[in-house]
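Below: one structure in structure tokens.
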Amino acid sequence: MQLDKTNKPKSSCTSRYRHATKLGVAAGLAQATTALLGTAPALAGDKSWDVDTAVLYYSETDRVTAVEPVISATKKLEGDRFWNIKLAIDSLTGATPNGASPADEVQTFSTPSGKNTYQTPESELPLDDVFKDTRAALSTQYTAPLSDTLRFSGGIAASREYDYQSVALNVNIAKDLNQHNTTLSAGLALAGDRIKPVGGKPIPLSEMTIGSNGNKEGEDDNKTVTDLLLGVTQVMSPRWLVQLNYSFSNQSGYLNDAYKVVSLLDSDGAPQGYVYESRPDKRTKHSIFMRSKSHHGKDNIFDISYRYHTDDWGIDSHTIDTRYRWQLNEHHYLEPHLRYYQQAGADFYVQGLDASLTELPANISADSRLGEFTGTTFGAKYGYLFGDNKEINLRIERYKQTGEHQTLPGNLQDRHNTFPDLDAIIVQVGYSFKF
Amino acid sequence: MTAPNRSIHLTLRKPFWLAQFSAMACPCEALIAVDDKTQASQIAQVIATEAWRIEDKYSRFTKTGITAAINNANGQPITLDDETTALFHYAQQLYELSDGLFDISAGVLKNIWAFHQKKTAGQQELPSQASIQAVLPLIGLTKAKLTGNTLALPKGMQIDFGGIGKEYAADKSLRLALEGNASNASTAILVNLGGDLVASQSLPKRPWHIGFNDTKADNNLTASERLTFQDGAVTTSGTSQRQWVIDGKSYSHLLNPKTGWPVLNPPKAVTVAAPTCMQAGMLSTLIMLQGEHAETFAHNEAIKCWITR
């Protein structure tokens, strides 16, 4: 070690230093000090784990129910470095629309495996009611300052469900300018997904065969996602900050939902068959996000944001999200939340197709998530703060979605609800603590 | 000696209460981020009381204190309480880690240098090598035997917890304040005992800022007039205030306990940031004691510090 060499000619220190620096003087001192002052110091700042736990319950009327327990723990390391690890389990059960339109008659569909069939009563929206899925996601993120004004953050995430696996990496750099009042950030995220649909990968635009597993092309496929984020955060005053982000996302590979079909309808609107959906194998998204967060009164926080999203599938969307944290007193807060979302449907979104077409469009999908709709979320969160930085909170929200109906052969949309409204309730219970 | 002033002065400095008191012959203060004055007053009382307790127990000027008892044992073994045993053991570890540079038994050297400096007004002189040589055998903490709670010092050896006491008091008083009750544990508190600072977690988005003067950045640290930190301790050791000028040459107040002579070319000041005040204080002293090698030492030990030459 250099220290020995430089100190050697001097009278003071030689041999012992070599012994001492095996551990390092600073490290040895840290050990001795911990031993003297106690191994479990009571400093709040030394309680190095911040843990957030929550269970989210989401239920759509007559459809999917999801239960998602999440545990996220952040360890504060020396030198303002942080390490986070997060585990989430998603458990979904219930029925999900398969894309087909309602009909005047009973409809029969094949389950994804092709081994069974299920029937939808007349005038009802066909739902695949054997839908059941469990997803486990694990991620870890490390954040460290590189200098007084530069921060690095990097992470790895992986998730797995029986027909889907994903691995993702991300890196972010944030630079503080203007005496920490301005922060510029840049991030890059890459994800590689592997999709292995039950019963194989359907050939896009091919017909769903009832009671058998036909028209499949291979077992699995891949998808890659690249996200790029550029942002600036500006402290306007000690009680107000604004944020502006631009993000770019590029997806390529298998972007279909293997379980979704589109109804082929005759001139009366009666189903003649069902074809598997076909989405483009690329998608490029751009979005602009603006946010203002301000302090009011003693500890109240008003947070409002707007996001504009556009992509080459034709989905343009606007999101306004606002919440007000109202600190009732030292121990209680109430946070009303209102979110409004509006999107234009994808260019290839259809609620049904004319069966007499000699050639189907290259891209079609009847997935309602790609349709034109507006969604409103409203509710509130109540939090109780107690003890040593502990918090229990309860969030109750309602989500209502209203979609646009397309004109279908035989004016089917006049007889049946071809894009039913969605009504969901969200309940989340959270508990945060330090140790 | 007059009885020390043991009062606490509390003023509101939003969002903190500032408590000012005097301990260990230094102006001390605590910043306490609570709204309620009664609560602030209770926390301030805990901090000051702990600082005063440690001052009374370990000051070498207190005849009834533990230091006097150790120093007057005259070669006989004495039994220490648990806290003192732990502190003495800590001092032994410091001695080992610093290869004898940090030595709580080195106080007698200061007496020699101070004596020669004061001897005749206007005629300061260097102590003779012989007088230094005479006290060196009384220095060296390895000569002290600590077995369990029993301490035996060679006859004539004197110890002084002065180099540890203030930092120890800062860490202890902060911990005590945070342990006081459950809601205190997350309170933002900064304790400053005469320039030795230690703080609990700062208020969210509002780190602690301390100003320090006349600093030059260490080669790998950013120069800043203001030091910002979330929690932990900051201490400064310096020589600028205390020097002996003898025959036109200035001698630093820092003495090498092994040679008995002042450390050559110590930095003017060293500021160290560390998780605890004890670590910061010991490291800043150790860096100073490295003299001209202060920067090399700090660099090799990866100590977060600011060295002023």
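The values are calculated or read from the model by the stated rules, or taken from the named source; none is laboratory data. Bear in mind that the values here come from a model prediction, so they are computed numbers and not experimental data. Don't worry about glycine lacking a Cβ; one is built from the backbone with ideal geometry, like all the others, and counts go over all protein chains shown. Side chains are part of the model used for accessible areas, which takes the heavy atoms of the whole protein and leaves out ligands, DNA and RNA. Shrake-Rupley method; radii C 1.70, N 1.55, O 1.52, S 1.80 Å.
Looking only at segment A:113-147, which residues are of a type in the set (D, E, K, R), within 31 Å of the chain's Cα centre (by Cα) and open to solvent by 40 Å² or more (accessible area, probe 1.4 Å)?
Answer for segment A:113-147, where residues must be of a type in the set (D, E, K, R), within 31 Å of the chain's Cα centre (by Cα) and open to solvent by 40 Å² or more (accessible area, probe 1.4 Å): A:Glu124, A:Asp129, A:Lys132, A:Arg135.
Shifting gears a bit: Anything in segment B:57-99 that is open to solvent by less than 20 Å² (accessible area, probe 1.4 Å) and part of a helix (DSSP H, G or I)? List them, or say none.
B:Tyr58, B:Thr67, B:Ala68, B:Ile70, B:Thr84, B:Thr85, B:Leu87, B:Phe88, B:Tyr90, B:Ala91, B:Leu94
What number of residues within segment B:145-155 satisfy the criterion of being over 23 Å from the mean Cα position of the chain (by Cα) and open to solvent by 40 Å² or more (accessible area, probe 1.4 Å)?
7
If a residue counts only when it is open to solvent by 30 Å² or more (accessible area, probe 1.4 Å) and out of contact with any Leu (no Cβ under 6 Å at 6 or more places or on another chain), which strands (runs of 3 or more DSSP E) contained entirely in segment A:260-307 have at least 3 such residues?
Here the list reads A:282-296.
Report, ordered by the first and then the second residue, all pairs with beta carbons closer than 6 Å, sequence separation of six or more or different chains, a first member in segment A:399-427 that is closer than 17 Å to A:Gly375 by Cα, and a second member that is of a type in the set (A, V, I, L, M, F, W, C) and assigned to a loop (DSSP other than H, G, I, E, B).
A:Gly403/A:Phe419; A:His405/A:Phe419; A:Pro420/A:Leu125
Against the definition (touching a Ser or Thr at 6+ places or on another chain (Cβ under 9 Å), open to solvent by less than 30 Å² (accessible area, probe 1.4 Å), more than 11 Å from every other protein chain (Cβ to nearest Cβ) and modelled with pLDDT under 85), how does A:Gly99 come out, yes or no?
Values: touching a Ser or Thr at 6+ places or on another chain (Cβ under 9 Å): yes; open to solvent by less than 30 Å² (accessible area, probe 1.4 Å): yes; more than 11 Å from every other protein chain (Cβ to nearest Cβ): yes; modelled with pLDDT under 85: no.
Criteria not met by A:Gly99.
Please go through segment A:401-421 and pick out each residue that is surrounded by fewer than 19 Cβ atoms within 10 Å (Cβ to Cβ) and in contact with a strand residue (DSSP E or B) (Cβ under 6 Å, 6 or more places away or on another chain).
Result: A:Thr402, A:Asp421.
Take segment A:45-64 and flag every residue that is within 14 Å of chain B (Cβ to nearest Cβ), of a type outside the set (S, T, N, Q) and surrounded by 15 or more Cβ atoms within 10 Å (Cβ to Cβ). Full working, then the answer.
Initially, segment A:45-64 is screened for residues within 14 Å of chain B (Cβ to nearest Cβ), giving A:45-50.
Add one more test, that the residue is of a type outside the set (S, T, N, Q), and what stays is A:45-47, A:49-50.
Hits for segment A:45-64 are A:Gly45, A:Asp46, A:Lys47, A:Asp50.
How many residues does segment B:161-181 contain that are within 11 Å of chain A (Cβ to nearest Cβ) and not in a helix (DSSP H, G or I)?
So the count comes out to 2.
Going through segment A:65-81 one residue at a time, which ones are buried (at least 17 other Cβ atoms within 10 Å of the Cβ) and either within 14 Å of another protein chain (Cβ to nearest Cβ) or charged (D, E, K, R) (or both)?
A:Glu68, A:Thr74, A:Lys76, listed by residue number.
While we're here: Here is a list: A:Ala191, A:Ala158, A:Ala186. Which entry is within 26 Å of A:Leu138 (Cβ to Cβ) and crowded, with 16+ Cβ neighbours inside 10 Å?
Just one listed residue meets the conditions, A:Ala191.
I need the full set of residues from segment A:319-335 which are exposed (fewer than 15 other Cβ atoms within 10 Å of the Cβ) and closer than 24 Å to A:Ala424 by Cα, in order please. Write out each step before concluding.
Filtering segment A:319-335 down to residues exposed (fewer than 15 other Cβ atoms within 10 Å of the Cβ) leaves A:320, A:328-332, A:334.
Of everything in segment A:319-335, those that are exposed (fewer than 15 other Cβ atoms within 10 Å of the Cβ) and closer than 24 Å to A:Ala424 by Cα turn out to be A:Ile320, A:Leu334.
Restricting to segment B:258-268, give me the number of residues that are away from chain A (no Cβ under 12 Å) and at pLDDT below 85.
Here the count works out to 1.
If you check B:Lys155, B:Lys110, which single one turns out to be under 21 Å from B:Val263 (Cα atoms), of a type in the set (D, E, K, R) and touching a residue at least 60 places away in the same chain (Cβ under 8 Å)? Working first, answer last.
On the way: B:Lys155 fails: under 21 Å from B:Val263 (Cα atoms).
Exactly one residue qualifies, and that residue is B:Lys110.
Right, something else. Select from segment B:55-82 the residues that are within 25 Å of B:Pro27 (Cα to Cα), more than 14 Å from chain A (Cβ to nearest Cβ) and among the hydroxyl-bearing types (Ser, Thr, Tyr) and list them in ascending order. Break it down stepwise before answering.
So in segment B:55-82, the residues within 25 Å of B:Pro27 (Cα to Cα) come out as B:55-68.
In the following step, the residues that additionally are more than 14 Å from chain A (Cβ to nearest Cβ) were identified as B:55-57, B:59-68.
Correct list: B:Ser59, B:Thr62, B:Thr64, B:Thr67.
Among the candidates A:Val232, A:Val225, single out the residue that is closer than 22 Å to A:His286 by Cα, of a type in the set (A, V, I, L, M) and surrounded by fewer than 16 Cβ atoms within 10 Å (Cβ to Cβ).
Going through A:Val232, A:Val225 in turn, the sole match is A:Val232.
Within segment A:348-398, track down each residue that is at pLDDT below 90 and within 26 Å of A:Pro420 (Cβ to Cβ).
A:Leu357
Now for a different question. Identify all residues within segment A:171-180 that are touching a residue at least 40 places away in the same chain (Cβ under 8 Å) and either surrounded by 14 or more Cβ atoms within 10 Å (Cβ to Cβ) or within 20 Å of the chain's Cα centre (by Cα) (or both); write none if there are none. Walk me through how you get there before you give the answer.
First pass over segment A:171-180, keeping only residues touching a residue at least 40 places away in the same chain (Cβ under 8 Å): A:172, A:180.
If the condition is that a residue be touching a residue at least 40 places away in the same chain (Cβ under 8 Å) and either surrounded by 14 or more Cβ atoms within 10 Å (Cβ to Cβ) or within 20 Å of the chain's Cα centre (by Cα) (or both), then A:Asn172 is the only one that fits.
How about segment A:217-233: which of its residues are touching a residue at least 40 places away in the same chain (Cβ under 8 Å) and not small (Gly, Ala, Ser)?
Of everything in segment A:217-233, those that are touching a residue at least 40 places away in the same chain (Cβ under 8 Å) and not small (Gly, Ala, Ser) turn out to be A:Val225, A:Asp227, A:Leu228, A:Leu229, A:Leu230, A:Val232, A:Thr233.
Right, another one. Has segment B:150-160 got at least one residue that is under 20 Å from B:Arg53 (Cβ atoms), within 13 Å of another protein chain (Cβ to nearest Cβ) and modelled with pLDDT of 85 or more?
Looking only at segment B:150-160, we keep the residues that are under 20 Å from B:Arg53 (Cβ atoms), and these are B:159-160.
If we keep only those that are within 13 Å of another protein chain (Cβ to nearest Cβ) as well, we get none.
No, segment B:150-160 has no match at all.
Select from segment A:326-342 the residues that are free of Cβ contacts under 8 Å to residues at least 40 places away in the same chain and not hydrophobic (A, V, I, L, M, F, W, C) and list them in ascending order.
If the condition is that a residue be free of Cβ contacts under 8 Å to residues at least 40 places away in the same chain and not hydrophobic (A, V, I, L, M, F, W, C), then A:Gln327, A:Asn329, A:Arg339, A:Tyr340, A:Tyr341, A:Gln342 are the ones that fit.
Within the group B:Ala51, B:Ala30, which residue is among the hydrophobic types (A, V, I, L, M, F, W, C) and within 19 Å of B:Phe161 (Cα to Cα)? Explain how you work it out, then say what you get.
Values: B:Ala30 fails: within 19 Å of B:Phe161 (Cα to Cα).
The match here is B:Ala51.
If the requirement is being in a helix (DSSP H, G or I), hydrophobic (A, V, I, L, M, F, W, C) and modelled with pLDDT of 80 or more, which of these qualifies: A:Leu56, A:Leu29?
Values: A:Leu56 fails: in a helix (DSSP H, G or I).
Answer to the check: A:Leu29.
Separate question: In contact with a helix residue (DSSP H, G or I) (Cβ under 8 Å, 6 or more places away or on another chain), more than 12 Å from chain A (Cβ to nearest Cβ) and closer than 30 Å to B:Glu29 by Cβ - does that describe any residue in segment B:83-103?
No.
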